1. How do 87, 77 line up, fewest other C-beta atoms within 10 Å first?
2. What residues have an amide H closer than 5 Å to that of residue 30, excluding those fewer than 5 places away on the same chain, when H is modeled at 1.01 Å from N in the peptide plane?
3. Give me, ordered by chain and number, the residues 5 or more places off residue 47 or on other chains with an amide H under 5 Å from its own placed amide H.
Amino acid sequence: MKKTLLLSTIATAFSLALSDTCQASDMEMEKCKINDSTGKSLIKEGMADCASEAGNSCAGANKKGDHTAWIYLPKGVCGKIEGCTSVK
């Protein structure tokens, strides 16, 4: 249940970021990691914007559960999602 709520929250954030009334170029974005209580990423395989793990550079190269993977979210959304932390 929590995982479904988390994923729908992320989907909503992406919809807002990509809608024609709210263009991504006009918004401030932040890098966010979304990990569960065991430290595994909840970002689906191949869906991350980037990662810092050796041999895994950017844009969809993440593996399932890659704890270093992150995505861009509109500024302020990251802190509202359980298990989500900002990346500097």
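Coordinate-derived values only; no laboratory data. Please read all numbers here as calculations on a predicted model, not as lab measurements. Quick reminder, even Gly has a Cβ in these numbers, built from the backbone with ideal geometry, and neighbours come from all protein chains shown.
1. Working: 87 15, 77 20.
Ordered from fewest to most neighbouring Cβ atoms within 10 Å, 87, 77 come out as 87, 77.
2. 73, 75
3. Placed amide hydrogens put 62 under 5 Å from residue 47.
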